[in-house]
1. Considering the range 180-195 alone, what residues qualify as being outside any helix (DSSP H, G or I) and out of contact with any helix residue (DSSP H, G or I) (no Cβ under 9 Å at 6 or more places or on another chain)?
2. Return the total of residues in the range 130-162 being aromatic (Phe, Trp, Tyr), under 16 Å from the mean Cα position of the chain (by Cα) and assigned to a strand (DSSP E or B).
3. Looking at (1) in contact with a strand residue (DSSP E or B) (Cβ under 7 Å, 6 or more places away or on another chain); (2) assigned by TED's automatic domain parsing to the domain that holds residue 166; (3) buried (at least 18 other Cβ atoms within 10 Å of the Cβ), can you tell me which one residue 260 breaks?
4. Could you say which residue among 236, 166, 196 is at pLDDT 95 or above, closer than 28 Å to residue 81 by Cβ and buried (at least 22 other Cβ atoms within 10 Å of the Cβ)?
5. Can you confirm whether residue 223 is over 30 Å from residue 33 (Cβ atoms) and either β-branched (Val, Ile, Thr) or surrounded by fewer than 16 Cβ atoms within 10 Å (Cβ to Cβ) (or both)?
6. Can you name the number of the only condition in (1) at pLDDT 95 or above; (2) under 28 Å from residue 276 (Cα atoms); (3) not assigned by TED's automatic domain parsing to the domain that holds residue 278 that residue 32 fails?
7. When residues of the range 24-39 are filtered for being surrounded by 15 or more Cβ atoms within 10 Å (Cβ to Cβ) and either under 16 Å from residue 53 (Cα atoms) or free of Cβ contacts under 8 Å to residues at least 40 places away in the same chain (or both), how many remain?
Amino acid sequence: MRFLRVLPWLLGGLALFLWFLWSAGTLWFANLSSAPLRGALTGGYGLVLVGALLLVRPRKRGLALALGASAVVTLAYALVRPSNERDWIADVAVTPTIARDGERITVHGVRAFHYRSETDFDVHWDDRSYDLARLRTLDLLMSYWGPVDYCHTFVSFGFEGGEQLAVSVETRKEVGEGFSTLAGLFKRFELVYVFADERDVIGVRTNFRGENVYLYRLRARPERLRELFLSYVEHANRLAEEPEFYGVLANSCGVNILHRVAETGAGSVFVGRDALLNGFWDRHLYERGAIDTHLPFAELREASRIDARAQAAGDSPDFSRAIRVGLPPAPPWSDG
């Protein structure tokens with residue numbers, strides 16, 4: 001009974017601690033270019049909390065002061081808005097826009113950089129047109145830079161004749177800014193849809209960043225494939241007008257794929273833990289028969305790794321075909 005009496009106080013204390021910790025995080029990872037300013041704001045907030053909770057008497061007055069300070073931080077955080085106008089790093093400097101004329105789609109701002117190293121490259125942003133009537137295939141790419149639980153996931157649309165257009169949802173970093181998973185929990189980064197040549201978006205990962213990349217040919221009904229492509233197009237255009245913040249939990253590369261798929265009427269592909277831990281998506285897709293199942297999963301996964309193929313292809317104009325030679329095929333779709 002004594003425990004039940006103190007339980008509400010324990011839960012309340014835990015909730016306040018988490019709120020104070022979150023408030024400090026919003027300041028430490030604020031979307032401000034000055035690291036010393038972020039540090040000063042976080043330190044100042046911490047001193048107010050310590051002083052209010054330990055020094056101010058009566059304690060209710062100190063708690064009220066701490067709550068007031070946290071409320072101000074929370075309100076300021078709520079008022080922060082994303083922008084398309086910042087000093088972006090080169091590979092996310094262009095906000096892509098897409099025009100449609102019947103079956104003809106023109107993407108303004110296709111990234112097609114030529115890399116000599118990860119930081120040494122020639123900048124090329126192209127305008128490229130695609131025929132919706134020639135859209136044929138969908139591939140999922142999973143790029144691992146370290147942990148196996150999660151990775152960078154993106155898709156590539158294939159058109160009759162061998163043309164590919166990759167779409168990668170990425171953090172839009174500013175000059176001098178690096179990615180941080182913790183910072184991605186707050187409003188630190190904007191979000192960008194990168195439409196790219198595969199030689200760029202795959203090649204920079206396999207050939208210069210040393211990431212392990214897997215390419216899976218997906219089963220896709222033609223009507224769903226078309227709807228998915230148009231969903232990407234429409235959301236990219238929306239971002240050009242109404243920018244969004246990247247969010248590790250709610251607006252990441254993987255979550256955006258799931259949102260775009262859901263807009264085709266396919267429902268929830270993955271939910272909860274399975275949605276967030278996208279490093280295991282290939283296993284789940286295998287279990288559902290959405291990728292080739294003729295091989296045991298471990299063998300399929302190894303056969304789908306394209307690092308060596310991409311490194312051999314280099315900057316070849318035949319890059320997309322070369323990385324797919326010998327890959328397991330997509331399962332056939334059916335009305336069932």
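1. Residues satisfying the conditions are 180, 181, 188.
2. 2
3. Of the numbered conditions (1) in contact with a strand residue (DSSP E or B) (Cβ under 7 Å, 6 or more places away or on another chain); (2) assigned by TED's automatic domain parsing to the domain that holds residue 166; (3) buried (at least 18 other Cβ atoms within 10 Å of the Cβ), the odd one out for residue 260 is (1).
4. Exactly one of 236, 166, 196 is at pLDDT 95 or above, closer than 28 Å to residue 81 by Cβ and buried (at least 22 other Cβ atoms within 10 Å of the Cβ), namely 196.
5. Details: over 30 Å from residue 33 (Cβ atoms): yes; either β-branched (Val, Ile, Thr) or surrounded by fewer than 16 Cβ atoms within 10 Å (Cβ to Cβ) (or both): yes.
Judged against the criteria, residue 223 is a match.
6. (1)
7. Matching residues across the range 24-39 total 3.
This table checks each residue for (1) over 16 Å from residue 198 (Cα atoms); (2) touching a residue at least 60 places away in the same chain (Cβ under 8 Å); (3) surrounded by 15 or more Cβ atoms within 10 Å (Cβ to Cβ).
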| residue | (1), (2), (3) |
| --- | --- |
| 106 | yes, no, no |
| 113 | no, yes, yes |
| 118 | no, yes, no |
| 129 | no, no, no |
| 139 | no, yes, yes |
| 149 | yes, yes, no |
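The values are calculated or read from the model by the stated rules, or taken from the named source; none is laboratory data. Note that this is a predicted model, so its numbers are computed, not measured. Virtual Cβ from ideal backbone geometry, glycine too; neighbours counted across all protein chains shown.
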